[in-house]
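Participant: Take this structure first; my questions come after.
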Amino acid sequence: MQAGTQKIETDRLKLRPFTLLDAGSMYTNWINDPAVQAEYGEPVYGSISSIEGLLQKWISAYRKDDFYRWAVTLKDRETCIGQIAFCHVDCEHHQAELEYCIGQAYQNKGYVTEALTAVIQFTFARTGLHRLQAYHRGRNAVSGRVLQKAQMKYEGTLKESFYYCDTGEYDDKLYYGIVKGSVE
């Protein structure tokens with residue numbers, strides 16, 4: 001059973017499907033920021049029209065019940081401060097891999113942990129998925145703390161398995177996972 005992207009509310013956040021109206025706040029808050037996008041491993045989008053093109057792809061994909069991508073917005077306003085998504089869903093094995101990013105102005109405030117925890121709870125309550133996993137690169141230890149705070153457990157390191165094309169350097173991938181029934 002797949003549920004697709006559904007609205008989720010937490011104490012401070014609304015997680016919801018993206019709309020074309022998000023392009024401006026995405027540009028302002030994170031998707032045009034080289035530092036955020038470098039840590040997220042995605043390209044910088046330098047124009048509203050390029051962001052709208054990306055949004056069109058995502059919005060079209062919402063028709064599939066195994067597509068999960070949430071705009072992270074503050075509950076008291078509709079500005080998009082980041083995103084959380086399943087970058088890979090394996091329906092055959094009932095698992096998915098998570099990814100997330102948030103604008104610099106909103107980092108170190110617990111928003112990503114709050115969003116991730118809510119997505120984990122939603123996943124195990126409303127979908128047939130049994131396992132979620134995510135990794136962070138070795139140089140991004142902050143992301144590892146987010147995964148730990150969301151009750152994901154460290155499972156292992158793939159040594160020098162990530163390559164930075166811009167610098168020619170290698171980095172480790174540190175994997176975390178959580179299975180249904182292990183959420184406290």
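Participant: Ignoring any ligand, DNA or RNA, what whole percent of the accessible area of the range 1-158 comes from carbon and sulfur when the probe is 1.4 angstrom?
Facilitator: Using a 1.4 Å probe with all protein chains present, the range 1-158 comes out at 50 percent carbon and sulfur.
Participant: Using the heavy atoms of the protein chains and a 1.4 angstrom probe, tell me the accessible area per residue for the range 67-184 in square angstrom.
Facilitator: With all protein chains present, the range 67-184 gives 50 Å² per residue.
Participant: Could I ask something else about it? How would you order 52-65, 18-31, 136-149 from highest to lowest mean count of nearby Cβ atoms within 10 Å?
Facilitator: My ranking of the peptides, most packed first, is 18-31, 136-149, 52-65.
Participant: Please report, in cubic angstrom per residue, the volume enclosed by the convex hull of the alpha-carbon atoms of the chain.
Facilitator: Numbers: hull volume 21.6 nm³, N = 184.
Hull volume over Cα atoms, normalised by residue count, gives 117 Å³.
Participant: Cα gyration tensor of the range 1-74, axes a ≥ b ≥ c as square roots of the eigenvalues: rounded (a/c below 1.5), prolate (a/b > b/c) or oblate?
Facilitator: On the way: a/c = 1.83, a/b = 1.41, b/c = 1.30.
Cα axes put the range 1-74 in the prolate bin.
Participant: Just to confirm, what accessible area per residue do you get for the range 5-52 at 1.4 Å probe, in whole Å²?
Facilitator: Values: 2410 Å² over 48 residues.
Dividing the accessible area of the range 5-52 by its residue count gives 50 Å².
Participant: Rounding to the nearest 20 debye, state how big the charge dipole of the chain is about its Cα centre with +1 on each Lys and Arg Cβ and -1 on each Asp and Glu Cβ. Working shown, then result.
Facilitator: Details: 21 positive and 23 negative charges, 107 e Å.
Here the size comes out at about 520 debye.
Participant: A further question follows. Subtract the Cα-Cα distance of Ser47 and Gln151 from 0.36 nm times their separation in residues, and report this length gain in nm to one decimal.
Facilitator: Details: separation 104, 0.36 × 104 = 37.44 nm, distance 3.67 nm.
Value of the extension gain: 33.8 nm.
Participant: Which listed residue (Gly46, Gly4, Met26) has the Cα farthest towards the positive end of the charge dipole for the chain, taking +1 on Lys and Arg C-beta and -1 on Asp and Glu C-beta about the Cα centre?
Facilitator: Gly4
Participant: Within the chain, what is the number of lysine pairs with alpha carbons under 24 Å apart, leaving out pairs fewer than eight places apart on the same chain?
Facilitator: Count of close lysine pairs: 23.
Participant: Run the simple label-point estimate for His93 and Ala3 please: 7 Å along Cα→C-beta, distance reported in nm.
Facilitator: Each label point lies 7 Å from its Cα, and together they span 2.4 nm.
The values are calculated or read from the model by the stated rules, or taken from the named source; none is laboratory data. Source: prediction; values computed, not measured. Counting neighbours? That spans all protein chains shown, and the Cβs are built from the backbone with ideal geometry, glycine included. Side chains included, ligands, DNA and RNA excluded: accessible areas come from the protein's heavy atoms. Shrake-Rupley method; radii C 1.70, N 1.55, O 1.52, S 1.80 Å.
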